[in-house]
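Just so it is clear, none of the values below were taken in a lab; they were calculated from the coordinates. Computed from a predicted model, the values in this text were never measured in an experiment. Don't worry about glycine lacking a Cβ; one is built from the backbone with ideal geometry, like all the others, and counts go over all protein chains shown.
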Amino acid sequence: MAVAAHALALLLVLTLCWHVARAGHTPARGAFVPFMVLVAWWSACAMLGAAAQTWGTPGGEWAQRWERLGYVSAALVPLAWFAFVDAFVGRGKPRWPLVAALALIPLATVALALLEPRVGWLLHDTGAGLSRGPWFWAVHVPYGYALLLLGGLLAWRSRRDSSSTVRRQVRLLLIAAALPLAGNLLDLGGARLWPGIEITVVGFAAGAVALTFAVVQQHFLRLPPSAYRRRYASLGDPVLFLDADLRIIDRNDAAARLLPSSDDGAPPLGRLLPSVAAALHTLGASGGRLEVHAPTLPGRRADVELIPLREGTRAPYGFVLTLRPLEVGGAATPVPEPQLP
C-alpha cells in the first residue's frame, strides 16, 4: 500500500513537470523546475524506502539509506520554494546572493544526512531504525518552516495591486504549498494514514494536482515577471499581456475597463480585437517594435504597439500590447520605454 501510494504521488509530480516543460520557457520557470525536481526526489526516496521496508529487511540498510537520501530534498525544498516565489513575484529570477546566504544551513543538513549515522546530530541509529537527533529539532525543522512561511508571505503580499489573473494564480500556489506543509506537520506529530505512508508525500501529490490545473487552465508561469508588469499597472492606456500564441493572459486596469472579457480564460486576441489581431498577423508578430493604426476604440483611432518579451536570443515567450488612443489631429500618448528583466 505504501509503495503504491508513494508511486502515485511521484507520478503526479512528474506529470506536473511534463506540463511545465510543455508550457515553454518563461523567466520564473527556471526557478520552478529545480523546486519540482527536489519534490520528485523526495517522493522517489519515499517510494524506494517503502519498497525496501516491504520487500527487504525492516529497518535494514537500504531502508535507512533511502531515508537519509530523502533529507537532501527535505533540507533543500524550503529553500527552492523561497527562491521560486522570489522569482515569481519579482524580476523572474531569484536574488541569488540572498539565496546563497540562506543555503548555508540546508547544505549543512544535507552533509549531516549523508554522513549519518556516524555523526548522530541529525539522525542516529537506534538498532531498530533511524531516530531524529538534536540538529533535526533545533535547526532543520525551525529553519525549513521559516523559509516556507517567508515564501508564503512574499506570495501573499504580491496579491496587492495585482490583477485577478495573478490573484487566482497566487491562491492556487498557496493552496498547493499548504497541502504538503499540513502533511509534514502531521508526519512530525506521528500521525499515519497507513503504515509506511508519508503524509507529506501525499500532500505533494495533492499540491501537484492543484498546480497542474494552474498550468493548464490558469496559464501559471506564462506571465511576464511581476516587476515588469507593475510598470504598466497605472498607465492610463490599455495594456494587454499576451503569450506567444497571442492569447490574452493578463491586462492592466485600463484594459480591464475597456475589455472586461479579456480576463476570461486567456481568450485569443482576435476574439476581442479582431482588427488589431489581423494587422499584427499581417505584419508578423515576432519582429521588433511594431506600430499599426486600427479602429480599436469606439469612434477613435489608436496606435497599437507590440513589444516582444524574450530572454537573450530566445524566441519571444510573450508580448506586451499597448493601445494608445489618438486624439483628433493629435499624437499618441507616450509609453514608458520597457526595461526587460
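If the only charges are +1 at each Lys and Arg Cβ and -1 at each Asp and Glu Cβ, what is the size of the charge dipole of region 2-217 around the Cα centre, to the nearest 20 debye?
880
How do 249, 175 line up, fewest other C-beta atoms within 10 Å first?
Placing the least packed residue first, the sequence is 175, 249.
Relative to the longest principal axis of the Cα atoms of the chain, helix 274-283 runs at roughly 90 degrees. When you count the other C-beta atoms within 10 angstrom of each residue and take the mean per peptide, 196-204, 11-19, 26-34 line up highest first as 196-204, 26-34, 11-19.
Among (1) 5, 24, 34, 27, 10, 1, 0; (2) 5, 23, 27, 18, 13, 8, 4, 1, 0; (3) 5, 17, 19, 17, 10, 7, 8, 8, 5, 2, 0, which one is P(r) over Cα pairs in 10 Å bins from 0, in percent computed from these coordinates? Here P(r) over Cα pairs in 10 Å bins from 0, in percent agrees with entry (2).
Considering only the other residues whose Cβ falls under 12 Å of the Cβ of residue 260, what net charge follows from Lys and Arg at +1 and Asp and Glu at -1? Don't jump to the answer; show the numbers that get you there.
Details: positive: 251, 257; negative: 253, 263, 264.
Neighbour charge sum, excluding residue 260 itself: -1.
With a Förster radius of 45 Å applied to the beta-carbon distance between residue 233 and residue 186, the computed FRET efficiency rounds to 0.65. Listed peptides 41-52, 145-156 appear in the order 41-52, 145-156 once ranked by packing, highest mean of other Cβ atoms within 10 Å at the front. Please give the helix 141-157 orientation as an angle from the longest Cα principal axis of the chain, in degrees from 0 to 90, rounded to the nearest 10. That helix lies at roughly 10 degrees to the long axis.
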